[in-house]
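Since the structure comes first, as structure tokens, the remarks are kept for the end.
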Amino acid sequence: MRLTCPACAAAYNVPDAMIGEGRQMRCARCGHQWFATPSQGIIEPSEAPPAAPPAEPEPATTAVLAPVPPPKPEPEPDAPAEPELTPPAPRSIGLWLAWAASLVLVVGAAGVLWQFQAAVTVAWPPFGRLAAWFGG
């Protein structure tokens, strides 16, 4: 089927299967939308009045028209405008104890490595270079 845009007179060759019983179409050149039906063999313009066609028709293009996407649903009006803010929870003593225990563990491990640096260097020679950085 050959369709012509009522706004800019662009002509398109569209397969009949694409139109089906009727379909809202949009011109790839000017963006005008109209409803096309194959049974009538004519094109019905949409609510907007079509623009005047150019004085001399332009050659037909072979581009295929894309179907118009469905409108996007509007958000529900029941949704709150802003989320409710809750005050931060007070820090518990357990969190402070966990940090203190971690710090004691790291310092203790460093102390053990320093105390036994000769034995650790024999077992793992790269440790000797690290101990030398810290004066060992």
_Restricting to region 12-31, give me the number of residues that are small (Gly, Ala, Ser) and at pLDDT 85 or above._
2
*Does Ala63 satisfy the criteria of being at pLDDT 55 or above, in contact with an Asp or Glu (Cβ under 9 Å, 6 or more places away or on another chain) and part of a loop (DSSP other than H, G, I, E, B)?*
no
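The values are calculated or read from the model by the stated rules, or taken from the named source; none is laboratory data. Nothing here was measured: the structure is a model prediction, and the numbers come from that model. Glycine also receives a Cβ, built like all others from the backbone with ideal geometry; neighbour counts cover every protein chain displayed.
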